[in-house]
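Notes follow the structure.
Throughout, read-outs are computed from the coordinates displayed, never taken from laboratory work. On a predicted model such as this, the values are computed, not experimentally measured, just so you know. Cβ atoms come from the backbone with ideal geometry, glycine included; neighbour counts cover every protein chain shown.
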Amino acid sequence: MVNRLVVGAGYGLLGWLVQRISAVVLVIYTLFMTILLLSHRPLEFADWKALFTPLAMRLFSFLFFLSLLLHAWVGVRNILMDYVHPAGWRLTLEVAAILALTVYGAWSMYILWGG
């Protein structure tokens with residue numbers, strides 16, 4: 001008889017759900033931007049600045065970046081859990097990934113609202 005130790009019940013479900021919801025947001029934003037850019041063709045800096053001036057566009061873009069970061073985190077975490085078996089190495093790489101994704105998130109906020 002095999003005794004299975006169940007840890008983190010529901011942890012996989014949360015990652016699966018985040019991956020699916022973030023993928024939907026990424027697809028919607030990508031389709032929206034593709035249609036917008038093909039129909040308007042903003043080619044100069046002033047056009048790009050005008051495109052991202054409305055608050056709704058900035059929020060939609062930040063939702064895209066947040067979804068991208070969450071999607072990346074779930075993917076990186078799953079790869080590390082599958083292929084990096086020593087706990088110390090895995091923890092180090094997970095912390096490095098979290099720090100990098102946090103910097104990318106802050107950078108996207110700066111691009112949308114700071115600069």
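List of remarks:
- Given charges at beta-carbon only (K, R positive; D, E negative), |dipole| of the chain in Debye: 180
- Cα long-axis angle, helix 87-109 against the chain (0 to 90 degrees, to the nearest 10): 10
- Taking Cα atoms only, the orientation of helix 11-40 departs from the longest principal axis of the chain by about 20 degrees.
- Angstrom value of the Kirkwood radius, inverse mean 1/r, which spans all Cα pairs in the chain: 16.7
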